[in-house]
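Below is one structure, written out as structure tokens, with a few remarks after it.
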Amino acid sequence: MVMAMIHTHGALPRCPALRSPLRGAPSGLDTTRSIGCHLQERRPSRQPKHDSSRPGNANLISAFRGPNNGVHLCGQVFTAPPPPEAGTQKYDPSVGVTVALLRYGSGMPHYRLARLQQSLGVPLPASTQWELMQPLAQAAQPIWEELIDQAANAPLIHHDDTKMRILDLRRPGSASAAQVDPQRKGTFTSNILAELEDHSVALYFTGWHHAGENLATVLNRRAADLDPPIQMCDALSRNLSPKPNTILAHCLSHGRREIVSVVSKFPEEGRHVLESLGQVYHFDAQAKARSLSSDQRLLHHQTYSRPVMEQLKVWMQKQFDDKRVEPNSGLGQAMGYLLKYWEPLTLFLHQPGAPLDNNKCERALKMAILHRKNSLSYKTLNGARTGDLFMSLIHTCRLNGINPFDYLLAIATHAQAVTLIPKAWLPWNYPRSNAPSDPP
């Protein structure tokens with residue numbers, strides 16, 4: 001449910017009977033009986049507007065109503081000023097933050113949240129939800145640009161993509177339909193996960209570009225004096241960057257899955273490959289447990305993993321040479337995949353800091369997949385870009401152990417400061433103290 005602060009200071013209905021409680025007054029409002037008096041005082045109530053007998057409805061909205069003094073003879077109603085804690089805005093900044101977190105961090109569509117709010121007696125239509133999120137998205141845009149710069153200069157970059165529909169791109173006559181390459185038949189959400197020295201950055205891009213093309217766009221902002229980064233992805237051709245100024249590494253986990261898919265039909269051969277790869281992952285876990293540096297980890301793998309991988313390569317090649325495996329069989333194709341991409345699959349044996357697989361990026365793509373599962377698509381390209389921004393901020397917070405709600409709320413209440421110095425408001429930099437908020 002949305003935690004909201006809605007402030008109302010309007011006049012309340014006047015009681016037609018002076019000697020009876022106020023009829024039709026909202027719950028939570030105290031009224032007094034008047035005896036021979038023409039002034040009726042209505043005392044305020046600061047209790048949250050909810051029915052405690054309804055489960056899950058507590059603390060949904062805090063409504064402040066000023067005390068009203070109604071003069072019976074002339075019908076005028078005088079309203080006292082609201083308390084200072086009521087503020088001047090109808091919605092507290094936390095409302096837009098909560099909507100964004102539910103929408104893009106947890107995959108709850110606008111219509112579903114609107115239905116929940118309606119059932120709780122506090123309507124919050126989808127259009128209102130969007131209007132509440134837009135100021136936050138605009139305030140966070142400079143941070144999004146700064147995150148792209150940070151990712152472009154990272155020494156290690158994971159990336160992958162998944163299908164994502166944008167309805168207006170395929171709708172004849174729409175404003176964005178003319179922007180589509182007629183040769184492209186699909187749209188995608190790409191994730192670029194950059195590993196910096198002390199931090200991680202997650203970026204999402206939705207449109208007709210593939211992951212490799214989006215990576216090239218990011219790398220265009222890389223400093224010229226830096227060494228080429230390690231590019232971790234699977235062997236799909238659309239993941240390759242048009243500007244291959246990178247050190248290519250392929251996902252060993254993908255090669256392992258090729259074997260897993262056929263192990264039931266080739267149990268002996270499949271078990272041999274899986275056990276060999278299992279040893280490599282065991283040695284990598286040892287390196288992580290010992291907190292080895294990149295160079296120490298490389299030496300560790302060269303000492304223990306290299307003999308295992310060399311023996312595995314010789315064994316697989318021998319299966320083909322001795323005609324024990326048919327190249328066109330399921331096992332032959334799985335082993336052929338490993339041999340074909342052996343160099344990028346084993347980059348961890350040659351390059352410091354090279355990971356074994358692309359699992360981090362695939363886990364990050366689950367945010368986009370959850371959105372696709374619940375909402376099916378984006379309606380417009382602008383909506384897709386808004387989703388990319390919020391997903392990037394939310395997942396970057398999670399990767400760095402930052403509370404995304406607190407972070408987005410800090411952006412919402414310090415929009416002017418964010419615009420001036422975006423770098424100071426990155427998830428791992430932003431001030432967690434009570435910095436002065438923007439004026440209302």
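The values are calculated or read from the model by the stated rules, or taken from the named source; none is laboratory data. Bear in mind the structure is a predicted one, so any value in this text is a computation, not a measurement. No Cβ is skipped: glycine too gets one built from the backbone with ideal geometry, and neighbour counts run over all protein chains shown.
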From the list S291, S276, which one is surrounded by 12 or more Cβ atoms within 10 Å (Cβ to Cβ) and of a type outside the set (A, V, I, L, M)?
-> S276
Cβ pairs under 6 Å, 6+ apart or interchain, first in the stretch 325-349 and free of Cβ contacts under 8 Å to residues at least 24 places away in the same chain, second surrounded by fewer than 16 Cβ atoms within 10 Å (Cβ to Cβ), ordered by first then second residue, are G332/E326
Have a look at T386, T396, T380 and point out the one that is over 21 Å from R112 (Cβ atoms) and of a type in the set (V, I, T).
-> T396
Hey, does the stretch 263-283 have a residue that's farther than 30 Å from S329 by Cβ and modelled with pLDDT of 95 or more?
-> yes
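Quick grid of which residues meet (1) among the acidic types (D, E); (2) at pLDDT below 95; (3) loosely packed, with under 14 Cβ neighbours inside 10 Å; (4) not assigned by TED's automatic domain parsing to the domain that holds A287:
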{"position": "S305", "(1), (2), (3), (4)": "no, no, no, no"}
{"position": "M309", "(1), (2), (3), (4)": "no, no, no, no"}
{"position": "K313", "(1), (2), (3), (4)": "no, no, no, no"}
{"position": "K318", "(1), (2), (3), (4)": "no, no, yes, no"}
{"position": "R324", "(1), (2), (3), (4)": "no, yes, yes, no"}
{"position": "N328", "(1), (2), (3), (4)": "no, yes, yes, no"}
{"position": "M335", "(1), (2), (3), (4)": "no, no, no, no"}
{"position": "Y341", "(1), (2), (3), (4)": "no, no, no, no"}
{"position": "F348", "(1), (2), (3), (4)": "no, no, no, no"}
Exactly one of P109, P123, P155, P142 is over 18 Å from the mean Cα position of the chain (by Cα), at pLDDT 80 or above and closer than 22 Å to L393 by Cα, and that residue is P155
Select from the stretch 395-427 the residues that are polar (S, T, N, Q) and closer than 29 Å to K366 by Cβ and list them in ascending order.
-> T396, N400, N403
Could you say whether any residue in the stretch 243-257 is over 30 Å from H272 (Cα atoms) and buried (at least 22 other Cβ atoms within 10 Å of the Cβ)?
-> no
